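Beneath this line is the structure, given in structure tokens, with notes to follow.
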Amino acid sequence: MTGRRCGAHGISERDGGEAHQTETHGAARRRWDAELVPDARGRTRGPEPGCPVETALAAVSGRWTTLVLRELMHGAHSFGDLREALPRISPKVLAERLRALEERGLVTRDRLRGFPVRTRYRLTPAGRALRPLLIELYRTGSALAEERGGDR
């Protein structure tokens with residue numbers, strides 16, 4: 001069997017087009033953990049926008065973002081509702097987070113009829129898909145805090 005390297009990820013292929021989960025850098029041979037890196041998108045040597053992990057991290061990045069997402073997991077909220085639920089967030093930061101979440105396709109803004117015009121924010125299906133990630137981040141953070149001797 002002959003092997004060759006494919007693309008920027010250096011994945012070797014057999015004659016049948018079957019990809020190995022190995023990569024060669026100098027003399028070292030790399031085996032990929034199939035659970036951590038199930039496909040070529042994650043086999044990078046640095047953070048790249050196409051990496052699924054980087055995509056997930058970018059979705060929840062920014063101070064207050066996870067808390068805004070948490071509140072919206074319960075349903076649509078007005079700006080005022082969110083300010084009431086998160087009283088320590090400034091209006092400027094809340095507006096920035098909502099705008100960023102909207103740009104990422106995670107939140108949609110609905111203008112309601114009537115006077116005065118009211119706006120409600122709700123999660124898109126992509127935003128709701130972040131729920132398991134937020135739950136696991138909480139669990140992992142709790143476990144790490146316990147290992148360090150509790151919350152500080």
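The set of residues in the range 80-109 that are charged (D, E, K, R) and under 19 Å from the mean Cα position of the chain (by Cα) comprises 96, 97, 99, 102, 103, 104. One residue stands out among those in the range 117-152 that are over 22 Å from the mean Cα position of the chain (by Cα) and surrounded by 10 or more Cβ atoms within 10 Å (Cβ to Cβ): the one that is farthest from residue 75 (Cα to Cα), which is 146. Residue 96 satisfies every condition listed in (1) touching a helix residue (DSSP H, G or I) at 6+ places or on another chain (Cβ under 8 Å); (2) within 25 Å of residue 49 (Cβ to Cβ) except (1). Test residue 114 against the criterion of being exposed (fewer than 14 other Cβ atoms within 10 Å of the Cβ) and not assigned by TED's automatic domain parsing to the domain that holds residue 37, and give yes or no. Yes: the conditions hold for residue 114.
Would the range 38-48 turn up any residue that is of a type in the set (Asp, Glu) and either surrounded by fewer than 11 Cβ atoms within 10 Å (Cβ to Cβ) or part of a helix (DSSP H, G or I) (or both)? No, there is no match, as no residue in the range 38-48 is of a type in the set (Asp, Glu) and either surrounded by fewer than 11 Cβ atoms within 10 Å (Cβ to Cβ) or part of a helix (DSSP H, G or I) (or both). Listed by position, the helices (runs of 4 or more DSSP H) enclosed by the range 55-152 that each have at least 2 residues that are acidic (Asp, Glu), at pLDDT 95 or above and more than 30 Å from residue 44 (Cβ to Cβ) are 79-85.
The values are calculated or read from the model by the stated rules, or taken from the named source; none is laboratory data. Small disclaimer: the values here were computed from a predicted structure and weren't measured. Cβ atoms come from the backbone with ideal geometry, glycine included; neighbour counts cover every protein chain shown.
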